[in-house]
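Here's the structure, in structure tokens; my notes come after.
The values are calculated or read from the model by the stated rules, or taken from the named source; none is laboratory data. Small disclaimer: the values here were computed from a predicted structure and weren't measured. Neighbour counts are summed over all protein chains in view; Cβ atoms, including those assigned to glycine, are modelled from backbone coordinates with ideal geometry.
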Amino acid sequence: MIPLNFYLGLAALLFSIGLYGVMTHKSGIRLIMCIELMLNSANLNLVAFSSYTDTLNGQVFALFSIALAAAEAAIGFAIFMAIYRMHDRINLDELNLLRW
Amino acid sequence: MVDLMLLAPEIAIAVTGLFVLVTGIFMSPQAKNMLGYLATFGVLAALGLTVASFGTEAVMFSGTVSIDALSQFFKLVFLVVALLVSVAAIKYNEDSEHIEEFYALVLFATFGMMFVASANDLIVLFCAFELASLATYALAGYEKQNPRSLEAAMKYFVIGSVSAALMLFGLSFVYGATGTTSIPLIAANSGLLVDNPIGLVAVVLLIAGFGFKMALVPFHMWAPDTYQGSPSVVSALLAAGSKKMGFVAAFRVFIVALAALQPDWQLAFTILAVVTMTFGNVVAVSQTSVKRMLAYSSLAQAGYIAMAFVVMTPMALAGGILYALAHAFMKAGAFIAAGAVVWMVTSEKRGNLEVPDHLDNFKGLGTRMPIAAFAMMVFVFALAGIPPTAGFMAKFVLFSSTIQAGMIWLAVIAILNSALSLFYYARLVKYMYFLPPEGEKVGTPFPYALALLLAVAGVLVIGIWPEPFVQWAMEAASVLV
């Protein structure tokens, strides 16, 4: 059996890649992909813990969070669609009306 | 057996939300204006049901939902905010094509916040948290022809989703170390987290995740932009409602579930509270947009509430909880007053249209919109903590408990901050009452005036007759410690 730490390491790696992507990318679509990566690394964690602690809560939690991630992506794409209609592209660096 | 009557307020809100959404599809644009009254009625009913059920305690649905004094108190806070927002939005949404969507989202967000307040399980907590967040992302971008509103929604969405991911990652570690998602069972097993690197990682991730929602510095960068760019009524919901949701979730997770890790998170909250209140007040001084200034002042207020995590005596927690209620009235009211000015500027098409909530547009508001100006004055004085307002009572309870607990340095910092905040609040009052008006009298539209007077009444009642509210807050705090 693969040790639990391998799963945790993989999840941490995916999470870090996602966080790095969120901080460096300017395109809205890539941003949503990176956010999905972060959420899914947490799901991996939940499922791994669920299997190693012999409880089902983690898998249930992961199912709920998958559904929520989908809803979140839907809202995100809707917002980016509205931005696209206004600016003809989704470059987040160009949105800088609000600042002090 | 589950007694559904205990969930009557939530059911009332959810049913009203769905009903508004479905009936709106079949109505003509003129007839849709009545949906606002319908939503207001639903919120009033839920408010009545919540107040009627004060004092009941129950754990439902296999221990995943807990009705107790804390959840009842915060439900009251969220419903008050929803009531003020729905009333004011009757005018804001007049003759809009999307009224049903607006009210459905407001009600669903309120529903999510109410469930966060009574969550007794991490799964329920996370789902309810996300429900409220998703609804408010969409609301922030409600004016989809307005680039500012879209930018606000984009920033809120990106940072909100990242914070949700951080929170979920942290919750997964809590679950992994304790093997359960039930908050009382985590508290019982929390010995497993002490001196365990997983516990420390979880605390860091959860502070970041909740810190975004509570808008504590350095997790605040979305808040000023979002509060400024969103429609004012939505800013009211975000600053007064959504932020309190972050606090009640943090109360449940840190103080109840992770009590064993108190030394770890207490230190973090000490730093966050001091930095947040100082940063918020200092930056607010130089703002020319009133909504942005209110956003920074709202950061400062979050810093005061976070003092409850630092002091951790029952009295301090009661102070923090009472502050949440007071802040709901003050901040929702202040944003709605700013919304009335934005309405005046955009409908008259004169003044600073680029930034409709610019300080210059508040010149002579005392003669142009007497009710809005008076209400705004009450709110900013309450936010500064001047008696006899709710802000004074909440600060009094919180700061005196800090001194009693021996943390005089913290109380001194907080009081100095309050003094600093008076500067920019008084400047707003000067603009409203001592500078000449640039335009004739407009008068405050009835829905705005009603919402503002309700909020003024709340601020003054808590300020003049605080005993029952302090008592309720004490009962709510007794759930935590």
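If I ask for residues that are closer than 21 Å to B:Phe362 by Cβ and more than 23 Å from the chain's Cα centre (by Cα), which ones from the range B:398-425 would you list?
Narrowing the range B:398-425 to residues closer than 21 Å to B:Phe362 by Cβ: B:420-425.
Selection gives B:Phe423 alone.
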Has the range B:381-390 got at least one residue that is without any contact (Cβ under 8 Å) to a residue 60 or more places away in the chain and among the β-branched types (Val, Ile, Thr)? yes
If I go through the range B:191-215 residue by residue, how many of them are farther than 19 Å from B:Leu168 by Cβ and surrounded by 23 or more Cβ atoms within 10 Å (Cβ to Cβ)? 1
Need the failing condition index for B:Tyr448 against (1) crowded, with 20+ Cβ neighbours inside 10 Å; (2) closer than 22 Å to B:Ile321 by Cβ, just the number. (2)
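Select from the range B:152-161 the residues that are buried (at least 24 other Cβ atoms within 10 Å of the Cβ) and at the interface with chain A (Cβ under 8 Å from one of its Cβ atoms) and list them in ascending order. So that I can check it myself, show each step before the final result.
Residues of the range B:152-161 that are buried (at least 24 other Cβ atoms within 10 Å of the Cβ), as a first pass: B:152-154, B:156-157, B:160-161.
B:Ala152, B:Ala153, B:Met154, B:Phe157, B:Ser161 - these are the residues of the range B:152-161 that are buried (at least 24 other Cβ atoms within 10 Å of the Cβ) and at the interface with chain A (Cβ under 8 Å from one of its Cβ atoms).
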Could you please tell me which pairs satisfy a Cβ distance under 6 Å, a separation of 6+ or placement on different chains, a first residue in the range B:81-100 that is more than 20 Å from B:Ala46 (Cβ to Cβ), and a second residue that is assigned to a loop (DSSP other than H, G, I, E, B)? B:Lys91/B:Pro445; B:Glu97/B:Pro29
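Each row is one residue, and each column tells you yes or no for (1) over 18 Å from B:Ala239 (Cα atoms); (2) within 9 Å of another protein chain (Cβ to nearest Cβ); (3) modelled with pLDDT under 95.
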position: B:Ala119; (1), (2), (3): yes, no, yes
position: B:Tyr142; (1), (2), (3): no, no, yes
position: B:Gln145; (1), (2), (3): yes, yes, yes
position: B:Gly179; (1), (2), (3): yes, yes, yes
position: B:Ile186; (1), (2), (3): yes, no, yes
Under the condition of being in contact (Cβ under 8 Å) with a residue 12 or more places away in the chain and out of contact with any Gly (no Cβ under 8 Å at 6 or more places or on another chain), which residue from the range B:259-278 is farthest from B:Trp409 (Cα to Cα)? B:Ala259
Would you be able to say whether some residue in the range B:90-102 is surrounded by fewer than 20 Cβ atoms within 10 Å (Cβ to Cβ), over 16 Å from B:Leu237 (Cα atoms) and not charged (D, E, K, R)? yes
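Under 16 Å from B:Ser118 (Cβ atoms), out of contact with any Lys or Arg (no Cβ under 8 Å at 6 or more places or on another chain) and touching a residue at least 40 places away in the same chain (Cβ under 8 Å): which single residue out of B:Gly36, B:Gly42, B:Gly63 fits that description? Even if it seems obvious, please write down each step before you answer.
Values: B:Gly36 fails: under 16 Å from B:Ser118 (Cβ atoms); B:Gly42 fails: under 16 Å from B:Ser118 (Cβ atoms).
That would be B:Gly63, the only listed residue that is under 16 Å from B:Ser118 (Cβ atoms), out of contact with any Lys or Arg (no Cβ under 8 Å at 6 or more places or on another chain) and touching a residue at least 40 places away in the same chain (Cβ under 8 Å).
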Just checking, does the range B:436-449 include any residue being in a helix (DSSP H, G or I) and either farther than 30 Å from B:Leu44 by Cα or of a type in the set (D, E, K, R) (or both)? no
Please pick out the residue among A:Asp88, A:Asp54 that is loosely packed, with under 15 Cβ neighbours inside 10 Å, within 21 Å of B:Thr180 (Cα to Cα) and free of Cβ contacts under 8 Å to residues at least 24 places away in the same chain. A:Asp54
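Can you tell me which residue within the range B:451-481, out of those that are aromatic (Phe, Trp, Tyr) and assigned to a helix (DSSP H, G or I), is surrounded by the fewest Cβ atoms within 10 Å (Cβ to Cβ)?
Of the range B:451-481, the ones aromatic (Phe, Trp, Tyr) are B:465, B:469, B:472.
Narrowing the set further to residues that are assigned to a helix (DSSP H, G or I) leaves B:469, B:472.
Working: B:Phe469: 24, B:Trp472: 20.
Taking the candidates together, the pick is B:Trp472.
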Scan the range B:228-237 residue by residue and report those that are of a type outside the set (Val, Ile, Thr), under 12 Å from the mean Cα position of the chain (by Cα) and within 14 Å of another protein chain (Cβ to nearest Cβ). B:Ser235
Taking helices (runs of 4 or more DSSP H) that fall entirely within the range B:361-433, which contain at least 3 residues that are buried (at least 20 other Cβ atoms within 10 Å of the Cβ) and touching a Leu at 6+ places or on another chain (Cβ under 8 Å)? B:370-384, B:390-404, B:408-433
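Results for (1) within 8 Å of another protein chain (Cβ to nearest Cβ); (2) within 27 Å of B:Ser182 (Cα to Cα), shown as yes or no for each residue.
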| position | (1), (2) |
| --- | --- |
| B:Phe108 | no, yes |
| B:Gly112 | no, yes |
| B:Phe115 | no, yes |
| B:Leu122 | yes, yes |
| B:Phe129 | no, yes |
| B:Leu150 | yes, no |
| B:Ser163 | no, yes |
Of the conditions (1) closer than 27 Å to B:Met221 by Cα; (2) away from chain A (no Cβ under 14 Å), B:Ser96 fails just one. Which one is it? (1)
Quick test of your reading of the structure: B:Arg252 fulfils all but one of (1) within 20 Å of B:Ala164 (Cα to Cα); (2) among the charged types (D, E, K, R); (3) over 19 Å from the mean Cα position of the chain (by Cα). Name the failing condition by number. (3)
Being outside any helix (DSSP H, G or I), within 26 Å of B:Ala308 (Cα to Cα) and more than 10 Å from chain A (Cβ to nearest Cβ): is that true of B:Leu192 here? no
